[in-house]
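A short write-up of the structure that comes next.
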Amino acid sequence: TFKTVLSGGAWSSSSPINTVRTATGSLGTQTASLMMGGAAPPYPTPTAAVEEYNGSGWSNGTSLPANIQEGAGAGTTTAGLFAGGFTAPPPPGRNTSFEYDGSTWTASPGNLNNGRTNLGSGGTQTAAVIYGGSECPTPIKKATEEYDGSTWTTGNDMGNARYQMMGSNVGLQTAALAIGGYGPDGPGAMAQVESYDGTSW
C-alpha cells in the first residue's frame, strides 16, 4: 500500500521588487498583479509607489495619488481598486478609494463609510467588498462595505472584529474570506476564519 504524501507543487524564486517596503495593498493574478503603496525605510514612511508584475518581473507603474500604507486592493491590473489605509502616523484610517485603468488612478466617486487601515478586501472594481480593519490599533472594526463602482454601502458586520487579516483581494463580493488577524481581546493572533456570501458572514 502506497503511504507517502505527495506534493503537487513547489515554490521557486522570482524577480525582486524595485522598492523595498512592507504593508502594501495588492490585486490581480500570479501573472498580472499590482503591489500598491506600503511603508518604505525609514519605517513607517508611507509611499505612493506602485509596481506591476507580469509573471516574471516587476516594473514601476503609475504612483498612487497619495502616500498610503496598509490599504487594500481589488480587481485587475486594468480595472483595479485601492481602498483605505493611512497616510501618516498617527493614522486615522482613510475613507478614500481610487480606481485604476491600467495607466491612471482616479478618485472613486464615493467615500468609505468607515475610514480604516489594515482591512480585508475582495471582488472587482465594480463589485468589491471590504471588511474589518482598525484605526491603528483601535478601535478594531467588524464593519463590512460593498462598492458598486460609484457608491460604498454598509453590509452586515463580521462575527469577529479584526485587523491585519491574511492579505487583501481574497475572493469575490459574494464569496470572500476573512482569515486570521488580530482581534480586540489579544494578545495573540486569531485562528478564526469567516466566509461572506454577499449578505452574511
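Read-outs throughout are calculated quantities, based only on the coordinates presented, and are distinct from any laboratory measurement. In this text the structure is predicted, and so the values were computed from the model without any measurement. Neighbour counts run over all protein chains shown; Cβ positions are idealised from the backbone, glycine included.
Express the relative contact order of the chain as a whole percentage, based on alpha carbon pairs under 8 Å and six or more residues apart in sequence.
14
Which of these, 77, 151, 96, has the largest mean-square fluctuation under a Gaussian network model of the chain (Cα springs below 10 Å)?
Its mean-square fluctuation being the largest, the pick is 151.
For a label point 7 angstrom out from the Cα of residue 172 toward its Cβ, which stretches of the stretch 53-78 have the backbone nitrogen within less than 15 Å?
75-76
Run the numbers for residue 22 and residue 192: contour at 0.36 nm per residue of separation, minus the present Cα-Cα distance, in nm.
Computed gain between residue 22 and residue 192 is 58.8 nm.
Picking from 176, 49, 88, which is most flexible by a Gaussian network model of the chain using Cα springs under 10 Å?
Maximum fluctuation in the GNM of the chain, among the listed residues, is at 88.
Note down the Stokes-Einstein diffusion coefficient of the chain in µm²/s, whole number, using a Kirkwood radius over alpha carbon pairs, 37 °C, and 0.692 mPa s.
So the translational diffusion coefficient is about 193 µm²/s.
If R₀ is 45 angstrom, what is the calculated FRET efficiency for the pair residue 185 and residue 10, using the beta carbon separation as r and rounding to 0.05?
Calculated value: 0.75.
Tell me the volume per residue, in Å³, of the convex hull enclosing the alpha carbons of the stretch 6-99.
118
Could you tell me the extents of the stretch 98-145's C-alpha atoms along the three principal axes, largest first, rounded to whole Å?
35, 17, 16
Out of every Cα-Cα pair in the stretch 93-201, what percent are more than 16 Å apart?
54
Sorted from largest to smallest, which semi-axis lengths in Å does the alpha carbon gyration tensor of the stretch 73-127 give for its equivalent ellipsoid, taking the root of 5 times each eigenvalue?
20, 11, 10
Gaussian network model of the chain, Cα springs within a sub-10 Å range: biggest mean-square fluctuation belongs to which of 173, 125, 30?
Per the Cα network of the chain with a 10 Å cutoff, 30 tops the list.
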